[in-house]
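J.: Take this structure, written in structure tokens, and hold onto it; I'll ask about it next.
The values are calculated or read from the model by the stated rules, or taken from the named source; none is laboratory data. In this text, all values refer to a predicted model and were calculated from it rather than measured experimentally. Here the Cβ is made from the backbone with ideal geometry for all residues, glycine too, and neighbour counts use every protein chain on show. Side chains are part of the model used for accessible areas, which takes the heavy atoms of the whole protein and leaves out ligands, DNA and RNA. Shrake-Rupley method; radii C 1.70, N 1.55, O 1.52, S 1.80 Å.
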Amino acid sequence: MQYKHISQTCSNESNFIRDTSCSELLNEVESQEEIPSIEKIYGLVKDLTVKVMKLENENKKLKQIVLKKQKINILDSLNNMNIVNQPEIVYNEWLEEVVLSHVKENLDSVFKENLIVGLVNTWKNAISGTSSVLPIKTYINRPNVFYIYVEDDNKREWKQLPTYDMDRQLRRICQQFISEFRNEWFIPNEHKIDNDEKWTNMYVDYYKRILGGSQITTEVICQRVRNQIYKLMKEDFENIVE
């Protein structure tokens, strides 16, 4: 009965220790001249549990090392590509000269839908309108992580884009929507807005949409746009790993 109890104990611990560990426990018990006490068995199981916890911690560390290596490999692969496969323009210039230039044409998508749709459509237009290699990339195995082509001290290279920087740039595009709304819609229709209730109500509705709406925060807007841009652009990392 005692051995049956030990076997059951090992079975209960099967999610934590290997079969060899159970065998070691049984062998140790069988080698004793006397049947061990419950306290002895408890001590043995406790020792094995400590060993398992140590293995789990080591496994976590190994996973972290793998993720870190993966990150380095992406940047190394991007930076080691032949110069002919590198972007012709750095990310900040592309943002200012290409992305922002498509804001005006997406005012209607904000009026008909919302600011998130307008922001995502602006990125779609900028991506499809760029004939050369894009200075921003995302990969399937690095969810919501963006890599951008930058220039520092006259040296061009790929770097990871921090989330707060991405959100800051999205807010910059939001400000451009407000500016374009004023220049392209409000000023040309100002007289109608001041003298026609229909146009006044239209102005109030459109302006709320341009600001993102009253039921959603800027942080949530940035998060949703980031997620959609990632899905729009993601590539398979294996295609660039040597």
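J.: Restricting attention to region 159-203, and to residues there that are of a type in the set (F, W, Y) and either over 18 Å from E105 (Cβ atoms) or modelled with pLDDT under 95 (or both), which single residue is surrounded by the fewest Cβ atoms within 10 Å (Cβ to Cβ)?
T.: Only one residue tops the list, namely Y164.
J.: Right, something else. Working carefully through the options Y230, Y149, Y206, find the one that is open to solvent by less than 90 Å² (accessible area, probe 1.4 Å), of a type in the set (S, T, Y) and part of a strand (DSSP E or B).
T.: On inspection, the qualifying residue turns out to be Y149.
J.: Kindly check whether there is at least one residue in region 17-38 that is open to solvent by 90 Å² or more (accessible area, probe 1.4 Å), under 30 Å from D236 (Cα atoms), at pLDDT 60 or above and hydrophobic (A, V, I, L, M, F, W, C).
T.: no
J.: Name the one entry in I216, I210, I240 that is at pLDDT 95 or above, out of contact with any strand residue (DSSP E or B) (no Cβ under 7 Å at 6 or more places or on another chain) and among the β-branched types (V, I, T).
T.: Details: I216 fails: at pLDDT 95 or above; I240 fails: at pLDDT 95 or above.
Going through I216, I210, I240 in turn, just one is at pLDDT 95 or above, out of contact with any strand residue (DSSP E or B) (no Cβ under 7 Å at 6 or more places or on another chain) and among the β-branched types (V, I, T): I210.
J.: Go through region 108-119 and report how many residues are open to solvent by 10 Å² or more (accessible area, probe 1.4 Å) and not aromatic (F, W, Y).
T.: Looking only at that region, the number is 7.
J.: What number goes with the only condition from (1) open to solvent by 60 Å² or more (accessible area, probe 1.4 Å); (2) at pLDDT below 95 that Q86 does not pass?
T.: Only one criterion is unmet by Q86, namely (1).
J.: Collect the residues in region 183-222 that are within 22 Å of the chain's Cα centre (by Cα) and without any contact (Cβ under 8 Å) to a residue 24 or more places away in the chain, keeping them in residue-number order.
T.: Hits for region 183-222 are I216, T217, V220.
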